[in-house]
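The values are calculated or read from the model by the stated rules, or taken from the named source; none is laboratory data. Source: prediction; values computed, not measured. When we count neighbours, we look across all protein chains shown, and the Cβ atoms used for this are built from the backbone with ideal geometry, even at glycine.
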Amino acid sequence: MLLMKNSKLLEQFRSFYFRNYPDDMERQISYFSIFGGLGWDVDTSRPISELIEKLILENFDILYTNIQELTDNSGENRRLLQALAVGDRRIFSAFKRAGLNNGNGGGALNFLQAKGVIQLEYSREQDPRAKNPNAKLKRRDARHRISHKVLFTHPFVRFWFYFIAPQIKNIQAKNYAPLFERIEELKHSYVSLIFEELSELLLNYNLRDSQIISSGSYWDANLEIDILTITDTEKIYIGECKWKNHKINKKELHKLVEKCEKLKIEPTQIVFFSKRGFSKELEQMQGASLALYSADDFEALLKNSSKEELIENFIN
């Protein structure tokens, strides 16, 4: 029943749109974050809760069997996926959350990566020892381990392990209330990661005339940045993504500038991506050093593609 294949997120995003034609990009992103990668027809005019019940819960037994097969019927693989879905995506913390060690956790990670369920997002943090090997480090820095992160290759699989897997017993008992309460509580937090991934795609699409040598999120022991993109001409683009029901204001700009100062970088441009737009004050500051994108701007990701081509490539 699962029609997933190892297509890139952009291809999945485009395919979802040309299958289902959501009314706007906010709806496209919201529904894609749940059903993306399945290759199913989704009536995006219906409420998400209704679709979850009809498409997922009414087909639960079949989907559960499919997920078991996808994870090789391994409890270790499933525990790791759940830990990665609900945690900070860092490998070592996911091992700990899942009750795994470097041995069996590494084995599960390698299997899931080879299966195409996840992909690694490599850390760009510099080891403090590299700067001065003989320097005495603070205890916190000495104990800190640089950890790569993990991304799910298909939104639906992440949705399953974020929301469905923790509620298996309730779902099997036909007690759906706790699941929908959890979805309502965490829906913005859940969609945020997909929005961040799509925002990076949109930024890189708009930089398509440049040669990008490094792009992705940045994290270290002290701070995180949603998007850090560097071109071959040493231009630096810093991005922040907010999937919330309020506009981004100037305070968020100050926070991001402070992060840049701590990293000792001077961005060529700061870029904000917002579900609900921006304050008038921030809009007036747009220019060469500040770019603002709202949900409607993600329509650019649908360009240079046709419905027939995308669906054919996705299914075959």
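Of all residues in segment 234-249, those that are surrounded by fewer than 16 Cβ atoms within 10 Å (Cβ to Cβ) and either in the same structural domain as residue 88 (by TED's automatic domain parsing) or out of contact with any Ser or Thr (no Cβ under 7 Å at 6 or more places or on another chain) (or both) total 4.
Residues are listed down the side, and each one gets a yes or a no for (1) in contact (Cβ under 8 Å) with a residue 60 or more places away in the chain; (2) under 17 Å from the mean Cα position of the chain (by Cα):
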site: 15; (1), (2): yes, no
site: 36; (1), (2): yes, yes
site: 45; (1), (2): no, no
site: 54; (1), (2): no, no
site: 61; (1), (2): no, no
site: 93; (1), (2): no, no
site: 97; (1), (2): no, no
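Among the numbered conditions (1) of a type outside the set (S, T, N, Q); (2) over 18 Å from residue 217 (Cβ atoms); (3) in contact (Cβ under 8 Å) with a residue 40 or more places away in the chain; (4) surrounded by 15 or more Cβ atoms within 10 Å (Cβ to Cβ), the only one that residue 115 does not meet is (4).
Residue by residue, here is whether (1) touching a Cys at 6+ places or on another chain (Cβ under 6 Å); (2) at pLDDT below 95; (3) of a type outside the set (Lys, Arg) holds:
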position	(1), (2), (3)
242	no, no, no
245	no, yes, yes
251	no, no, no
261	no, no, yes
273	yes, no, yes
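Of 179, 201, which residue is surrounded by fewer than 19 Cβ atoms within 10 Å (Cβ to Cβ) and either modelled with pLDDT under 95 or assigned to a helix (DSSP H, G or I) (or both)?
Unique residue meeting the criteria: 201.
Considering segment 131-155, and only residues there that are at pLDDT below 60 and part of a helix (DSSP H, G or I), the residue that is nearest to residue 214 (Cα to Cα) turns out to be 131. Contact map, segment 145-161: residues that are closer than 14 Å to residue 192 by Cα paired with residues that are assigned to a loop (DSSP other than H, G, I, E, B) and among the charged types (D, E, K, R), Cβ distance under 8 Å, separation 6+ or inter-chain. Pairs shown: 151/89.
Can you find even one residue in segment 211-234 that is of a type in the set (Gly, Ala, Ser), assigned to a helix (DSSP H, G or I) and under 26 Å from residue 80 (Cβ atoms)?
no
Can you tell me how many residues within segment 50-77 are under 22 Å from residue 175 (Cα atoms) and in a helix (DSSP H, G or I)?
The total comes to 17.
Residue 29 satisfies every condition listed in (1) surrounded by fewer than 18 Cβ atoms within 10 Å (Cβ to Cβ); (2) under 19 Å from residue 192 (Cα atoms) except (1). What about residue 109, is it among the aliphatic types (A, V, I, L, M) and farther than 19 Å from residue 167 by Cα? Answer is yes for this residue.
Tell me whether segment 15-34 contains one or more residues that are among the aliphatic types (A, V, I, L, M) and closer than 24 Å to residue 114 by Cα. Within segment 15-34 (the criterion being among the aliphatic types (A, V, I, L, M) and closer than 24 Å to residue 114 by Cα), the answer is yes, since at least one residue qualifies. For segment 38-49, does any single residue satisfy the condition of being among the aliphatic types (A, V, I, L, M) and in a helix (DSSP H, G or I)? Yes; the residues of segment 38-49 include at least one that is among the aliphatic types (A, V, I, L, M) and in a helix (DSSP H, G or I).
Scan 36, 116, 99 and give me the residue that is farther than 23 Å from residue 179 by Cβ and in contact with a His (Cβ under 9 Å, 6 or more places away or on another chain).
Answer to the selection: 116.
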